[in-house]
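Report on the structure given below.
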Amino acid sequence: MSSVRDDMRTLWYDDATRQLKIIDQTRLPHQRQIVVIEMLEQACDAIVHMQVRGAPLIGITAAFGVHLALKQDPDTLDSACEMLAKTRPTAVNLHWALSRLAEGLVSVPPAQRAEAALEMARTMLAEDAAACSEIGDFGLALLRDLLDAKQARGGENRLNVLTHCNAGWLATGAWGTALAPIYKAHQAGLPVHVWVDETRPRNQGASLTAWELAQSGVPHTLIVDNAGGHLMQHGQVDVCLVGSDRTTAHGDVCNKIGTYLKALAAYDNQVPFYVALPTSTIDFAIEDGLRDIPIEERATDEVSHVPGIDGAGALHRVAIAPPGTHISNFGFDVTPARLVSGLITEKGIFPATAQGLLDIKAWL
Ligand code: MRU
């Protein structure tokens, strides 16, 4: 049975060529194109234009970006960190990675900084992959319990999981966060089926999650963003499982726009709503997600235009709104802790409460 293989990585350091390589996610699912990132500016562009995206991957890319900057000029630690910090505002992993590098490199002599930064970036990549695998193990136990409970109630032998956006291996060092338990469940032979939200405006569900799940043979169905509530009302969703870009010290969860509406529908229908995240996604400095998390606003043409391929396989971008329409494009929303059933981390599953977050902190 196929599942996440070792080559299912979206960013890696090629030891033979000493180059940073990424899969350009803006071309998926139509083309799998590998891009070499050689300069700090390219790393910044890749994050801004979402060739790499997803909270953990943004942080890892930034770490390699610092290495690239120091390779060019060993005296640019501060300016490189400043430039990278401005690329995307919401995912806290970016700042987590940059602070770790800045602290780790400040006492290293400039001539050795580039190599030290490379080592740190590689460590972060490996640690994230390991953390996501552990999230998968804890999440698998949860999915197993949910399936057992469903069958004890006389339900069918199939667990329906709804996910939003892409929190798979494309968004992390490996495995993914929300998708890791699904991959592990599939690998363990659990009959798991995934409802994949398309996730407008950039369609990370339709173009990335559906592609990832197909690569591993995980049964899934693509749905429009507004279908989740209907499915929950009809008992077609057993659990919601999403990722996070920033989780506060009180358990509020910021994730891709539309996550909050899924959490509301889940609450109204007594569907458990779990969030999977590595601890690098927790911002212990803030408590109130609505007040304190900066929400990214992106270009309006992401809403007015949609990319896709035609029958001959040619890529196009078409307009779907009248020219001149006033548009807003918020990238993320905040799900209050009270709507979250639990946080699946590499340290275990914790309640989304101030005490739950303190318990996580005690592990770090
Ligand atoms: O705008 P994106 O594609 O970077 O947003 C990604 C998400 O919202 C993910 O759910 C989140 O980063 C968790 S990824 C493991």
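The values are calculated or read from the model by the stated rules, or taken from the named source; none is laboratory data. Being a predicted model, the structure only gives us computed values, none of them experimental. Virtual Cβ from ideal backbone geometry, glycine too; neighbours counted across all protein chains shown. Surface areas here come from the heavy atoms of the whole protein model, side chains and all, with no ligands, DNA or RNA. Shrake-Rupley method; radii C 1.70, N 1.55, O 1.52, S 1.80 Å.
Laid out as a table, the results:
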{"quantity": "Unique residue being among the charged types (D, E, K, R) and touching a helix residue (DSSP H, G or I) at 6+ places or on another chain (Cβ under 8 Å) when the list is Asp310, Asp301, Asp359, Asp252", "calculated": "Asp252"}
{"quantity": "Qualifying residue in region 31-46 (condition: within 17 Å of the chain's Cα centre (by Cα), within 16 Å of the ligand (Cβ to nearest atom), under 24 Å from Arg298 (Cβ atoms) and not assigned by TED's automatic domain parsing to the domain that holds Trp211)", "calculated": "yes"}
{"quantity": "Residue, farthest from the ligand (Cβ to nearest atom), within region 123-167, restricted to residues that are of a type in the set (D, E, K, R) and over 16 Å from the mean Cα position of the chain (by Cα)", "calculated": "Arg153"}
{"quantity": "Subset of region 175-191 (residues that are touching a Lys or Arg at 6+ places or on another chain (Cβ under 9 Å) and either on the phi > 0 side of the Ramachandran plot or crowded, with 24+ Cβ neighbours inside 10 Å (or both))", "calculated": "Trp175, Ala185"}
{"quantity": "Neighbours by Cβ (under 9 Å, 6+ apart or cross-chain): first from region 231-250, over 15 Å from Val196 (Cβ atoms) and more than 16 Å from the ligand (Cβ to nearest atom); second of a type in the set (Ser, Thr, Tyr) and open to solvent by 10 Å² or more (accessible area, probe 1.4 Å)", "calculated": "His250/Thr353"}
{"quantity": "Test result for Leu231, assigned to a helix (DSSP H, G or I), out of contact with any Cys (no Cβ under 9 Å at 6 or more places or on another chain) and on the phi < 0 side of the Ramachandran plot", "calculated": "yes"}
{"quantity": "Single residue of Thr61, Thr90 found to be touching a strand residue (DSSP E or B) at 6+ places or on another chain (Cβ under 6 Å) and open to solvent by less than 20 Å² (accessible area, probe 1.4 Å)", "calculated": "Thr90"}
{"quantity": "Lone unmet requirement of (1) closer than 14 Å to Leu277 by Cα; (2) more than 25 Å from the chain's Cα centre (by Cα); (3) not polar (S, T, N, Q) for Pro323", "calculated": "(1)"}
{"quantity": "Top-ranked residue of region 333-346 - restricted to ones that are open to solvent by 10 Å² or more (accessible area, probe 1.4 Å) and part of a strand (DSSP E or B), ranked as nearest to the ligand (Cβ to nearest atom)", "calculated": "Asp333"}
{"quantity": "Residue identified as in contact with a strand residue (DSSP E or B) (Cβ under 9 Å, 6 or more places away or on another chain) and open to solvent by 20 Å² or more (accessible area, probe 1.4 Å) among Leu277, Leu290", "calculated": "Leu290"}
{"quantity": "Pairs, first of a type in the set (D, E, K, R) in region 51-65, second assigned to a helix (DSSP H, G or I) and near the ligand (Cβ under 7 Å from one of its atoms), C-beta under 8 Å, six or more apart", "calculated": "Arg53/Ala171; Arg53/Gln204"}
{"quantity": "Options Val35, Val4: the member that is of a type outside the set (Gly, Ala, Ser) and modelled with pLDDT of 95 or more", "calculated": "Val35"}
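Here is a yes/no grid of residues against (1) part of a loop (DSSP other than H, G, I, E, B); (2) within 22 Å of Ile286 (Cβ to Cβ); (3) away from the ligand (no atom under 16 Å from the Cβ):
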{"site": "Gln25", "(1), (2), (3)": "yes, no, no"}
{"site": "Leu28", "(1), (2), (3)": "yes, no, no"}
{"site": "Leu68", "(1), (2), (3)": "no, no, yes"}
{"site": "Thr87", "(1), (2), (3)": "yes, yes, no"}
{"site": "Ala91", "(1), (2), (3)": "yes, yes, no"}
{"site": "Trp96", "(1), (2), (3)": "no, yes, no"}
{"site": "Leu101", "(1), (2), (3)": "no, yes, yes"}
